[in-house]
Amino acid sequence: MDSVVCVKRVPDTETKVQVGPDGRRIQASGVNHVLNPYDEYAVEACLQAREKAGSGEVTVLSLGPAEAAQTIRQALAMGADRGVLLKTDPACDYYMDPLSVAHALAARLKTMRLDLLWFGKLAIDDQSYAVGPAVATLLGLPCVTEVAEFAALPGRATATRVVEGDRVRMEVDLPAVFCASKGLNEPRFASLKGIMSAKKKPLETVDLAQGTARVEVVALELPPARQAGRWIGKGVEAVPELVRRLREEAKVL
Amino acid sequence: MGNDILAFAEQRGGTFKKAAHEVVNEGKRLAARTGGRCIAVVLGQGVLAGAGRLGAYGASAAWVAEGPAYATYHGETYLAAMAAAVARAEPRAILLAASANGKDLAPRLAAHLDAPLASDLTGIEWTNGRLVVRRPVYAGKATARVDMGTGRAVLSLRPNVFTAEAPNGASAAVEPLAVTPLGGVAARTRILGVEPAPRGKVDLTEADFIVSGGRGLKGPENFHVIEGLAEVMGATVGASRAVVDAGWRPHSEQVGQTGKTVSPTLYLACGISGAIQHLAGMSSSKWIVAINKDPEAPIFKVADYGIVGDLFEVVPALATALRAARSGG
Ligand SMILES: Cc1cc2nc3c(=O)[nH]c(=O)nc-3n(C[C@H](O)[C@H](O)[C@H](O)COP(=O)(O)OP(=O)(O)OC[C@H]3O[C@@H](n4cnc5c(N)ncnc54)[C@H](O)[C@@H]3O)c2cc1C
Ligand SMILES: Nc1ncnc2c1ncn2[C@@H]1O[C@H](COP(=O)(O)O)[C@@H](O)[C@H]1O
């Protein structure tokens, strides 16, 4: 069972977002980056599938700056076997353009042998929910998103999509694409041994030709602070006033 | 490429979703700017009769593909239908709801058409022939304004953000949509079965009112307090990740960065501290109420109204007050 998992390097969720000098991107300095949390579920799914099948390789693929190599190493430390970094140069403007990212990933994926191709449901920076299904379409592969349960068998796999409370059980022929949602599994922590051995695992770096995005971020804006004049009361005695405000000010009752 | 707008009107169990009305209505508004029409695409089983009513939300036509193959959302089958509609309408833009299925379909369609995509929008502008959209990024901590250019674009709209005007008496011209399957990939994806959600529950992403509970509830056995208030309000129950991870509540109820993004009219957070990852999922709610015993809890920073107090006293008192207000008219 050979798997490829696509992972993204993203700002940590605790990051305080500030707009950078160009007004279009976040202020990069001082930002701590992590492996996109949803991608951890995807990595774990690949590791479990390999363990269950008893053989196979897990390859980690990422598109990003040179520093994304560290993100790949994080997945290698969890237990993946090898990494491929599609290294972007600073002129590459795939920032917030999921279709361009999908095209670049698909071009490389076409050359790789795989049964399972995993993505996270979304990247927590650009929040596009898009790269997985877009890659699947470009490659002509079946695709299941919102995967909350998964089992791989030789040649096919079953996956449960949870959609607005409905549980939809799907079966697909392999190779196929899956997008992980929370609840799929408990991603393992990298052991010290895992971290040490990750340093020696193969990581191929490919320089990506400078890419021009098809959409342009013209501005990154911070949301207006919620209006002042908010009201705070104390204890049960405050309940009638809350009800009055909900009815008369907010007009929601 | 023409000036029309194609709006995917998503149904569930034969009934249009609220988000479908929002998408059609926004499609109409956009079509007024582009100088085209809004054409709704309806896929499902037993949906023919209702499709004309999309006219009341602004669709001049409703193109319908009907049959058992469309009863349950199936990405590859729905993609083929949308591709057929695009080939027929040659639209300027395609709008979908950023529902779970809409978020599955939009990127497939964009990849198939080789058209740019922007997901989960909270705003659409039309300036000098260019589509410029607004979308929350970085867990809602910022908004990106994205220029989609002058070509065809695929856009998904965050539910509950684009409000649908009250329906008027108009009806859309209902026409069948002829669909050519796209290769063999659809047959490689099979639906084995659907276990429907418990009946009568409005999904979090579409709910107008949400009452959420956090670790302040102390244990799963106490959630009846939250459920009681939710029932009085006709609200859907939500939860913080802490209580989901503890196994007190199902994953489907989690609100936040790794859970659902919600934008109800009213969000009530009870015993939730307001961690940044929780705020990521609910800060675009129109009105936020917090009940927490700790006056320093960060949730009060985003709340419009707050009560500092013990939720085990305040929440039942609120339920009682609302029930009384309701029966009093
Ligand atoms: C990568 C990542 C992703 C995450 N994603 C999410 C997510 O999607 N959603 C999410 O919610 N969290 C998420 N978290 C977790 C988040 O950081 C918090 O840990 C979590 O939201 C805390 O849940 P809580 O507010 O219920 O619990 P706590 O932080 O423990 O807060 C409990 C609150 O209840 C109050 N309280 C206690 N007793 C009472 C009482 N009797 N009456 C009134 N108030 C009372 C306390 O004052 C306190 O403020 C994520 C974390 C990470 C690292
Ligand atoms: N630059 C990237 N490199 C590798 N994988 C990516 C990249 N961007 C997105 N992905 C994958 O696509 C998923 C969805 O991302 P997005 O569509 O950007 O929300 C992520 O969880 C990753 O698995």
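The values are calculated or read from the model by the stated rules, or taken from the named source; none is laboratory data. None of the values given here were measured: they were computed from a predicted structure. Positions of Cβ are backbone-derived with ideal geometry, glycine not excepted, and every protein chain shown enters the neighbour counts. Protein only, heavy atoms only, side chains kept; ligands, DNA and RNA dropped before computing areas. Shrake-Rupley method; radii C 1.70, N 1.55, O 1.52, S 1.80 Å.
Here B:59, B:31, B:80, B:85 are screened, and the one residue that is out of contact with any Asp or Glu (no Cβ under 6 Å at 6 or more places or on another chain), under 17 Å from residue B:177 (Cα atoms), away from chain A (no Cβ under 14 Å) and not in a loop (DSSP other than H, G, I, E, B) is B:85.
With respect to the conditions (1) in contact (Cβ under 8 Å) with a residue 24 or more places away in the chain; (2) within 16 Å of ligand 2 (Cβ to nearest atom), residue B:258 lacks only one, and its number is (1).
Checked against (1) within 16 Å of ligand 1 (Cβ to nearest atom); (2) over 30 Å from residue B:276 (Cα atoms), residue A:122 passes all but a single condition, namely (2). Taking the numbered list (1) within 10 Å of ligand 2 (Cβ to nearest atom); (2) of a type outside the set (D, E, K, R); (3) open to solvent by 20 Å² or more (accessible area, probe 1.4 Å); (4) more than 27 Å from residue A:28 (Cα to Cα) in turn, residue A:107 passes all entries but (1).
Any residue at all in region B:241-263 that's among the β-branched types (Val, Ile, Thr), open to solvent by 30 Å² or more (accessible area, probe 1.4 Å) and not assigned by TED's automatic domain parsing to the domain that holds residue B:136?
Filtering region B:241-263 for residues among the β-branched types (Val, Ile, Thr) gives B:243-244, B:255, B:258, B:261-262.
Adding the requirement that they be open to solvent by 30 Å² or more (accessible area, probe 1.4 Å) leaves B:261.
When the remaining residues are screened for being not assigned by TED's automatic domain parsing to the domain that holds residue B:136, the result is B:261.
Within region B:241-263, one or more residues are among the β-branched types (Val, Ile, Thr), open to solvent by 30 Å² or more (accessible area, probe 1.4 Å) and not assigned by TED's automatic domain parsing to the domain that holds residue B:136.
Entry remark, region B:245-277: residues being more than 8 Å from every other protein chain (Cβ to nearest Cβ) and closer than 18 Å to residue A:167 by Cα number 4 in total. Taken together, the residues in region A:198-245 that are facing another protein chain (nearest Cβ under 7 Å) and within 26 Å of residue B:317 (Cβ to Cβ) amount to 14.
Would you call residue A:97 crowded, with 20+ Cβ neighbours inside 10 Å and closer than 21 Å to residue A:195 by Cβ?
Judged against the criteria, residue A:97 is not a match.
If you go through region B:79-114 and pick out every residue that is open to solvent by 10 Å² or more (accessible area, probe 1.4 Å) and closer than 22 Å to residue B:195 by Cβ, you end up with 3. Take the residues in region A:105-136 that are part of a loop (DSSP other than H, G, I, E, B) and out of contact with any strand residue (DSSP E or B) (no Cβ under 7 Å at 6 or more places or on another chain); name whichever of them is nearest to the other protein chains (Cβ to nearest Cβ). The residue in question is A:122. Residues of region A:56-104 that are of a type in the set (Gly, Ala, Ser) and within 14 Å of chain B (Cβ to nearest Cβ): A:100, A:102, A:104. For region B:175-198, a residue qualifies if it is within 16 Å of residue B:41 (Cβ to Cβ) and assigned to a strand (DSSP E or B), and the qualifying residues are B:175, B:176.
From the list B:5, B:39, which residue is in contact with a Lys or Arg (Cβ under 7 Å, 6 or more places away or on another chain), closer than 15 Å to residue B:86 by Cα and open to solvent by less than 30 Å² (accessible area, probe 1.4 Å)?
Working: B:39 fails: in contact with a Lys or Arg (Cβ under 7 Å, 6 or more places away or on another chain).
Going through B:5, B:39 in turn, just one is in contact with a Lys or Arg (Cβ under 7 Å, 6 or more places away or on another chain), closer than 15 Å to residue B:86 by Cα and open to solvent by less than 30 Å² (accessible area, probe 1.4 Å): B:5.
Taking the condition in contact with a Phe, Trp or Tyr (Cβ under 7 Å, 6 or more places away or on another chain), within 12 Å of chain A (Cβ to nearest Cβ), open to solvent by less than 40 Å² (accessible area, probe 1.4 Å) and of a type in the set (Gly, Ala, Ser), does residue B:156 pass? No; evaluated as a whole, the condition is false for this residue. Of the residues screened, residue A:139 is not one that is more than 9 Å from chain B (Cβ to nearest Cβ), buried (at least 23 other Cβ atoms within 10 Å of the Cβ) and modelled with pLDDT of 95 or more.
In region A:66-94, the residue that is farthest from residue A:215 (Cα to Cα) out of those that are within 10 Å of ligand 2 (Cβ to nearest atom) and open to solvent by 10 Å² or more (accessible area, probe 1.4 Å) is A:88.
Looking at region B:287-329, which of the residues that are among the charged types (D, E, K, R) and within 17 Å of residue A:244 (Cα to Cα) is surrounded by the most Cβ atoms within 10 Å (Cβ to Cβ)?
So the first thing to find is which residues in region B:287-329 are among the charged types (D, E, K, R), and the list is B:293-294, B:296, B:301, B:304, B:310, B:313, B:323, B:326.
Subsequent filtering for residues that are within 17 Å of residue A:244 (Cα to Cα) retains B:304, B:323, B:326.
Values: B:304: 21, B:323: 15, B:326: 12.
By that ranking, first place goes to B:304.
Annotation: of all residues in region B:236-263 being modelled with pLDDT under 95, more than 7 Å from ligand 1 (Cβ to nearest atom) and in a loop (DSSP other than H, G, I, E, B), the one that is farthest from residue B:122 (Cα to Cα) is B:250. The residues of region A:106-129 that are of a type in the set (Val, Ile, Thr) and either touching a residue at least 40 places away in the same chain (Cβ under 8 Å) or touching a His at 6+ places or on another chain (Cβ under 8 Å) (or both) amount to a single one, A:124.
Scanning region A:110-135 for residues that are among the hydroxyl-bearing types (Ser, Thr, Tyr) and either within 8 Å of ligand 2 (Cβ to nearest atom) or within 15 Å of the chain's Cα centre (by Cα) (or both), we see that the one that is least open to solvent (accessible area, probe 1.4 Å) is A:128.
One line per residue, one yes/no per condition, for (1) within 14 Å of another protein chain (Cβ to nearest Cβ); (2) open to solvent by 20 Å² or more (accessible area, probe 1.4 Å); (3) more than 16 Å from ligand 1 (Cβ to nearest atom):
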| position | (1), (2), (3) |
| --- | --- |
| B:161 | yes, yes, yes |
| B:177 | no, no, yes |
| B:183 | yes, yes, yes |
| B:191 | yes, yes, yes |
| B:213 | no, no, no |
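Hey, could you check region B:315-328 for residues that are at the interface with chain A (Cβ under 8 Å from one of its Cβ atoms) and free of Cβ contacts under 8 Å to residues at least 40 places away in the same chain and say which is nearest to residue B:223 (Cα to Cα)? Reasoning before the result, please.
Of all residues in region B:315-328, those at the interface with chain A (Cβ under 8 Å from one of its Cβ atoms) come to B:317-318, B:321-322, B:325.
Of the ones still in play, those that are also free of Cβ contacts under 8 Å to residues at least 40 places away in the same chain are B:317, B:321, B:325.
Numbers: B:317: 15, B:321: 19, B:325: 23 Å.
Checking each candidate, the answer is B:317.
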